[in-house]
1. In whole angstrom, and with the biggest value first, how far do the Cα coordinates of the protein assembly as shown range along each principal axis?
2. So if I place +1 on the C-beta of Lys and Arg and -1 on the C-beta of Asp and Glu, and nothing else carries charge, what would the dipole magnitude of chain B be about its Cα centre? I want it in debye, nearest 20.
3. Which of the trypsin sites (Lys or Arg not before Pro) found in the range B:1-97 are in a DSSP loop and have at most 14 neighbouring Cβ atoms, other than their own, within 10 Å?
4. What is the average number of partner chain Cβ atoms found within 10 Å of a Cβ in A:61-74?
5. Name the residues whose placed amide hydrogens come within less than 5 Å of the amide hydrogen of B:N27, ignoring near sequence neighbours (fewer than 5 apart) on the same chain.
6. Residue by residue through A:89-100, how many Cβ atoms from other chains fall within 10 Å of the Cβ on average?
7. Let me know the mean shielding of B:142-149 by other chains, meaning the per-residue number of their Cβ atoms within 10 Å of its Cβ.
8. Going by C-beta contacts inside 10 Å, put B:Y141, A:Y87 in order with the fewest on the left.
Amino acid sequence: MQIGLTHILVLSATLFFIGVYGFLTRKNLISMLMSIELMLNSANLNFIAFNKYVWPNKLEGLFFTLFIIAIAAAEAAVAMAIIIQVYRQFKSVDVDEPTIMKE
Amino acid sequence: MSATQILFWFLSALAIVSALSVVISKNPVYSVLSLIITFFAVSGHYILLNAQFIGIVNLIVYAGAIMVLFLFVIMLMNLNQDNEPQKNKWLKMAGVVSGGCLMLVFVAAFKTSEVNGKIAQTIDGNIGLTETLGKALFNEYVVPFEISSILFLSAMVGAVVIGKKGD
């Protein structure tokens, strides 16, 4: 059995929904950020697979992946700064703790 | 089965098992370590898909830099124990059911789509090598490249300003 595009799409959909499950069920801010990284990686896998299977002589998919990796790095740095600040204020990284904007 | 297929199935199983372990394990340190294994498996997929440069960049940037940052922050906050509060069991069950239904819809859509059964077509094997990518990056993609450098500068300044002690 040849490995077709569908196999890779199913794999990346599985990874994406594992990420969605983690994002919905965890309470820890850092674990939620890790689930987001999983989802970004499954999107990257899709870009690379479509680039190879559908337009093998183009480079667009590879560049999308490259820029997604760059943006994920910037996003992780800023999110970590925010998480450290939340930890200083509330002494925990639980998503339910910061409620001061509700009052 | 050829070697490529064995590698594909092995890497897929590794990626899915370690991704499940990321969302299931209670200790955040174990989550980070399983996430690193997932990134290794995904990098293997990139290399199988003829994107060698992206595979190595994925390893260096994700597994090397971002995950070390995560580990540092977890150690800094003393989160490396199993006392994370869990959401209630019914909510988790609802998450599994709704996520699983949406995934079934996705898989069914793939089954009947046009791309079904497309076989890998490689014009030449070196499309993902550094030379090709570098030439295209500094000719056609030079404006997005420069804009992403501005993004990095602002992210760096933002991280320092937000993370600074005091007000």
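Each reported figure results from applying straightforward, stated rules to the coordinates on display, with no laboratory input. As the structure is a computational prediction, the values presented were derived from the model and not from experiment. When we count neighbours, we look across all protein chains shown, and the Cβ atoms used for this are built from the backbone with ideal geometry, even at glycine.
1. 58, 45, 31
2. Working: 9 positive and 8 negative charges, 119 e Å.
Dipole about the Cα centre, nearest 20: 580 debye.
3. Numbers: sites: B:K26, B:K87, B:K89, B:K92; in loops: B:K26, B:K87.
Listed in order of number, the matching sites are B:K26, B:K87.
4. Numbers: counts 4, 12, 8, 0, 6, 12, 6, 0, 7, 9, 4, 3, 8, 9.
Average per residue, whole number: 6.
5. When sequence neighbours closer than 5 places are left aside, there are no close amide H contacts.
6. Numbers: counts 0, 0, 1, 3, 6, 2, 1, 2, 0, 0, 0, 0.
Per residue, the number of nearby Cβ atoms from other chains is 1 on average.
7. Mean shielding by partner chains, rounded to a whole number: 2.
8. Working: B:Y141 17, A:Y87 20.
Ascending Cβ contact count within 10 Å gives the list B:Y141, A:Y87.
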